[in-house]
Every structure is written in C-alpha cells, then in structure tokens.
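Student: Below is one structure. I have some questions about it.
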Amino acid sequence: MTLTTLTDRYVATTLRRIPADKRDDIDRELRGSIADAVDARVESGADPVEAETEVLTELGDPDRLAAEYIGRPLYLIGPGLYLDWRRLLSVLLWIAPLPGAVVLVLDLLDDASPGEAIASGLWTTAMVALQIAFWTTLVFGVLERNGHRRGNLTGEWTVERLPETDPNNRVSLGDTAWTIALLVVGIAAVVLQRSFSAYRYADGSSIPILDPDLWSFWLPALIVVLALSAVFEIVKYVVGHWTTALAVVNTVLNLLFTIPLVWLASVDRLFEPDYFEAAFGDTGDSMRAANTIVIVVAIGVAVWEIGEGWWKVLRSR
C-alpha cells in the first residue's frame, strides 16, 4: 500500500539523528519494515489509516529508535562506567575542602573576620566540588556516548581486552585520585597567589609570587594544560592500563607544561621581583636560586612522568 505523510514525518524525524552516511540505508529499511507491518494488518481486515497509526505507535519515539539504529545510549552514564564514575568522584570530592581550607587560613591571616573567612572557605569548597563533579561527569559522559567501557575503548569486547595481570601496569583509583588532587592544588595555588600573599605593597595590595604580566597568556595557558592533564588522568583510569596512545598524550601534555615553564624561568620572567625584594631584601641571588630550582624540578618531574608512561607500555608487551 501507499504510505501517507504520517510515515514520511516519522521517518524524517528518525533520520535527523542518524549520521548522513547511514541515512539512505536506514530510510529504505525503516520504510520497508513499516510497509510490511501495515500490509499485514490490512490483510487481516484493519483500516489502512488505523493500521499505519498503530504500527508507528508500536515503533515508539523516533528519537529512541534512531539511538537503537546507531547504538548510541540514551543515558549519560550507564552500567558499564557507572561504578567507576561513582568511585572516582567519591574520592575526588575529598579534594574540594583543601583549597577552601587554604582560603580560610589566608583570609584569617589577612585580618578578615572569622565569619568572612569561613564564608570564603565554604564558597571556595563548593565551587571546587562543583567543578570536580562537572568535569568528571562530563568526561565519563563523553566516553559513555562513544561506546567506551572500563578497560575497553575500541569497540566490542574480546579476550585480548581482559585486565592486565601486571599490577605495575594497572591504573589504580588511588593513583588517579592522588594525581588529580595534586593538579587541583596546583591550579588553586596559581590562582590564589595573586590575591593572597605574606607581603604587600604600600597601598595594601598583595605582592604576587608570579609575574602578573603572565596572566595575559602564559598562566592561563599553563592552567589549561593542568586541567587537560586532570582529564587525561580520568581517561587513563577508564582505560585501566597504559597504552601507546596514552603514553604519547602523556608525553605531549608534559612537554606543553614543562617547556614554557622552564623557558620563563630561564629568562627571569616567571617570578615577580618585588616579592623577592620584600621577602629576602634582594632580587638577584634569591630569584636566580628560585628559577634554578624550578628548572631542575620541572625537568626532573617531566622526565620521570614521561619515562614512567613509556616504561609501563614497554613492560606490558
């Protein structure tokens, strides 16, 4: 029988959520199945219009049908990742009070009233907790919608994707939480040092440790790299073990952070000279010593982090 515009509308609504390269095949398949179902009802004596309405009703919401065709889940975090999401988020939320406590103490040292200090600490804690919950859920949601599961980010499960038995290659919840905690504290330290300092200018404003001119580009860029590193840790935890791709990403992120940091320290652009003048009475030897420490530590940490990733990949082969 000839189907009406009702079927056309149903098919069009379904296809709008289908990738363009699959629409023609699904269009023919869906129309064919609808026509067959309607014809069967009509042959049994049903009215054609009513038969078509009943068939489309039984097919259900076209958006849900489209999701079934392309295998895309209609939930944010399903059973494949839910337990890992809950475990990681539960641990990460314990990080939130740390920046809040720092703000509270700094406010008290800055002669704020106890009430104001507590309010600032609680506000900071709430904002950090919100950011942690949002970004962790977002990363897991994106992985879920792309069909990823714990320890399996590349399609259907096979025996080759059983968890690694080498404990040195597995990515543990504790390691992930600890690394993300350090990254969060690092971001908080960079942001807070501009407003809270043990030393002040004559007008009463804080003397930052880092050069304020860096906020025009370098400090925001480094904060973005730290945030991406936190996202990387979540992805690595979902994968469950080190892979070549993860080692490459880890290398890139470490270089993106270390190279600018070392360069800024080597050309005396990292620190604010006034801070060292106020703290040590000079801006020469003390700043050179601080820059040297930053360069040595940054290079050492980067070499360790990059080497550890590649070592674990090679050991798993």
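The values are calculated or read from the model by the stated rules, or taken from the named source; none is laboratory data. Keep in mind it's a predicted model, so treat the numbers as computed, not measured. Here the Cβ is made from the backbone with ideal geometry for all residues, glycine too, and neighbour counts use every protein chain on show.
Student: Using beta carbons and a limit of 6 Å, which pairs, at least six apart or on different chains, have the first residue in the stretch 190-212 and assigned to a loop (DSSP other than H, G, I, E, B) and the second one of a type in the set (Asp, Glu)?
Tutor: ILE207/ASP274; PRO208/GLU272; ASP211/GLU272
Student: Counting only residues that are exposed (fewer than 15 other Cβ atoms within 10 Å of the Cβ), without any contact (Cβ under 8 Å) to a residue 24 or more places away in the chain and in a helix (DSSP H, G or I), how many does the stretch 24-53 have?
Tutor: Number of matching residues: 10.
Student: Moving on to the next point. I'm checking my understanding of the structure. Among residues of the stretch 69-82 that are in a helix (DSSP H, G or I) and in contact (Cβ under 8 Å) with a residue 60 or more places away in the chain, which one is surrounded by the fewest Cβ atoms within 10 Å (Cβ to Cβ)?
Tutor: To start, the set of residues in the stretch 69-82 that are in a helix (DSSP H, G or I) comprises 69-70, 79-82.
Among the residues that remain, those that are also in contact (Cβ under 8 Å) with a residue 60 or more places away in the chain are: 80-81.
Details: GLY80: 17, LEU81: 19.
Filtering the stretch 69-82 for residues that are in a helix (DSSP H, G or I) and in contact (Cβ under 8 Å) with a residue 60 or more places away in the chain, the one surrounded by the fewest Cβ atoms within 10 Å (Cβ to Cβ) comes out as GLY80.
Student: Residues in the stretch 104-116: is at least one of a type in the set (Ser, Thr, Tyr) and over 28 Å from the mean Cα position of the chain (by Cα)?
Tutor: Within the stretch 104-116, one or more residues are of a type in the set (Ser, Thr, Tyr) and over 28 Å from the mean Cα position of the chain (by Cα).
Student: So, one more: Anything in the stretch 133-165 that is more than 29 Å from PRO99 (Cβ to Cβ) and at pLDDT 55 or above? List them, or say none.
Tutor: Within the stretch 133-165, the subset more than 29 Å from PRO99 (Cβ to Cβ) is 145-165.
Result: ARG145, ASN146, GLY147, HIS148, ARG149, ARG150.
Student: What number goes with the only condition from (1) assigned by TED's automatic domain parsing to the domain that holds SER206; (2) of a type in the set (Asp, Glu); (3) in contact (Cβ under 8 Å) with a residue 40 or more places away in the chain that ASP111 does not pass?
Tutor: So the condition that ASP111 fails would be (3).
Student: Follow-up. Can you report the number of residues in the stretch 287-317 which are of a type outside the set (Lys, Arg) and in contact with an Asp or Glu (Cβ under 9 Å, 6 or more places away or on another chain)?
Tutor: So the count comes out to 3.
Student: Can you pull out the residues in the stretch 54-68 that are surrounded by 14 or more Cβ atoms within 10 Å (Cβ to Cβ) and either of a type outside the set (A, V, I, L, M, F, W, C) or more than 30 Å from GLY141 (Cα to Cα) (or both)? Steps first, answer last, please.
Tutor: Taking the stretch 54-68 as the starting set, the residues that turn out to be surrounded by 14 or more Cβ atoms within 10 Å (Cβ to Cβ) are 54-56, 59, 62, 65-67.
Of everything in the stretch 54-68, those that are surrounded by 14 or more Cβ atoms within 10 Å (Cβ to Cβ) and either of a type outside the set (A, V, I, L, M, F, W, C) or more than 30 Å from GLY141 (Cα to Cα) (or both) turn out to be GLU54, VAL55, LEU56, PRO62.
Student: Does THR258 satisfy being crowded, with 16+ Cβ neighbours inside 10 Å and not in a helix (DSSP H, G or I)?
Tutor: For THR258, the condition - crowded, with 16+ Cβ neighbours inside 10 Å and not in a helix (DSSP H, G or I) - is not met.
Student: From the list VAL142, VAL105, exactly one residue is surrounded by fewer than 16 Cβ atoms within 10 Å (Cβ to Cβ), β-branched (Val, Ile, Thr) and within 21 Å of ALA198 (Cα to Cα). Which is it?
Tutor: The unique qualifying residue is VAL105.
Student: Does at least one position in the stretch 51-70 carry a residue that is within 30 Å of SER205 (Cα to Cα), at pLDDT 85 or above and touching a Ser or Thr at 6+ places or on another chain (Cβ under 8 Å)?
Tutor: No, that holds for no residue.
Student: Return the residues of the stretch 266-275 that are surrounded by 15 or more Cβ atoms within 10 Å (Cβ to Cβ) and either over 36 Å from the mean Cα position of the chain (by Cα) or of a type in the set (Gly, Ala, Ser) (or both); say none if nothing qualifies.
Tutor: Passing the criteria: only ASP274.
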